[in-house]
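Following: one structure in structure tokens, then a few remarks.
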Amino acid sequence: MPEGHSVHRIARQFDRNIVGQRVAASSPQGRFAEGASLLDGREAVGVRAVGKQMFLAFDGDLWLRVHLGMYGAWDFAGEILVDPTIASANGRMGQTNQRGTDLAGGDEASAEPVFDAAGENSLSSIGAPRRARGRVRMSEQTRGLDDDELMDWPPPVVGQVRLRLLTDRTCADLRGPTACELQSPDQVQATIARLGPDPLVDDPAEGEERFTQIVRRKPTPIGLLLMDQGVVSGIGNVYRAELLYRALLDPHTPGKLVPEDVVRAIWRDWVRLLAIGVETGQMMTMDDLDPEAYRRAMASRDDRHWVYHRAGLPCRVCGTEIVVEEMAARKLYWCPSCQK
């Protein structure tokens with residue numbers, strides 16, 4: 001499931017490419033035909049992300065709420081303006097396996113690209129990993145692409161597209177979301193009110209107080225609380241496992257028994273890791289890596305995390321076998337020695 005960093009990246013991509021444009025909206029799949037007809041011809045006027053949900057505002061006080069869930073993704077095609085605030089660690093944004101796309105430019109032209117097979121750092125598709133298709137024109141970095149090399153416009157519909165938003169230059173296709181619905185401004189506010197604090201939306205200090213107060217009064221295991229979007233927004237399976245390991249905290253500890261300073265440290269760590277995720281497009285949770293180790297981590301999830309997806313492998317610190325169990329219907333990875 002895409003976690004908070006991906007949804008904030010999606011929102012920034014929409015802000016650069018869709019907001020301020022009048023869109024042609026359609027539902028090739030047919031499951032959102034009525035909603036698409038209401039959006040068709042409207043101007044997108046704003047976008048915001050809160051945790052794992054994105055809200056795209058249109059003129060006439062109409063909002064589109066999207067929750068990607070386990071399998072959803074936005075696929076982008078056409079001319080894509082890259083947000084300079086979200087680039088990969090080597091100055092590039094996105095997968096370089098996108099045929100016809102030149103990702104070099106400026107000072108980064110001589111840098112060797114970092115490839116990430118997990119799809120976390122994709123420019124053309126953000127959400128559930130999927131193969132890149134067609135061509136992407138990035139307006140600020142067009143070297144190597146001639147106009148007659150661009151894909152047909154609009155691009156052909158491929159697969160089950162719930163919603164297509166099309167401007168004169170950019171196409172955004174939504175596939176497989178858990179939620180795709182229209183809301184009024186009041187409904188948007190009510191949805192957001194049910195969500196826990198998000199470090200990129202709420203004041204970090206106020207968010208810390210709110211998070212700490214909620215956790216400290218709950219008998220629920222901390223491993224469950226971190227996945228509860230009403231407690232804190234944006235944390236998913238990867239960040240849960242990594243935050244708990246970095247705090248050296250047993251995931252079964254009831255929230256009310258976690259020392260206050262540890263709860264606050266988890267929040268501050270989440271603030272830091274979320275910012276890194278938005279900047280790099282990857283859930284980097286290991287610190288103090290040398291340059292070569294950092295490049296390996298950018299390229300491979302296996303070198304990026306302390307415990308996530310490492311069941312049966314030795315802990316990177318103590319050598320104890322990492323265990324995996326079900327918690328909140330998801331696999332939880334942790335070290336029974338370090339996290340006592």
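Laboratory data are not the source of any read-out in this text; all were calculated from the coordinates shown. This structure is a prediction, so every number in the text was calculated from the model and none was measured. Positions of Cβ are backbone-derived with ideal geometry, glycine not excepted, and every protein chain shown enters the neighbour counts.
Numbers at a glance
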quantity	calculated
FRET efficiency, Arg316 to Arg272 (Cβ-Cβ, R0 22 Å, nearest 0.05)	0.70
Where labels lie 7 Å past Cα in the beta-carbon direction, separation of Leu257 and Leu289 in nm	3.5
3J(HN,Hα) from dihedral phi, region 161-175, Karplus parametrisation 6.51/-1.76/1.60, rounded to Hz, x for glycine, proline	9, 5, 8, 10, 10, 10, 10, 5, 10, 10, 10, 10, 10, 9, 10
Dipole magnitude of region 39-85, debye to nearest 20 (Cβ charges: Lys/Arg +1, Asp/Glu -1, about Cα centre)	300
Packing-based exposure ordering (other Cβ within 10 Å, fewest first) of Trp153, Trp270, Trp63	Trp153, Trp63, Trp270
Most positive-pole-ward Cα, Leu226, Gln213, Pro199, against dipole of region 197-334 from beta carbon charges	Leu226
Karplus-derived HN-Hα couplings along region 329-340 (A = 6.51, B = -1.76, C = 1.60, θ = phi - 60°), whole Hz, x at Gly and Pro	6, 10, 6, 10, 9, 7, 9, x, 8, 5, 9, 8
Förster radius 30 Å - calculated FRET efficiency between Ser300 and Asp152, Cβ distance, rounded to 0.05	0.30
Label-zone membership for region 216-240, site Arg194, 7 angstrom Cα→C-beta point, backbone N under 19 Å	225-236
Stretchable slack from Arg264 to Gln187, in nm (0.36 nm times residue separation minus alpha-carbon distance)	24.6 nm
Per-residue HN-Hα couplings for region 299-315 [Karplus 6.51, -1.76, 1.60; θ = phi - 60°; Hz; x = Gly/Pro]	8, 9, 4, 4, 10, 10, 10, 6, 10, 4, 6, 10, 4, x, 8, x, 4
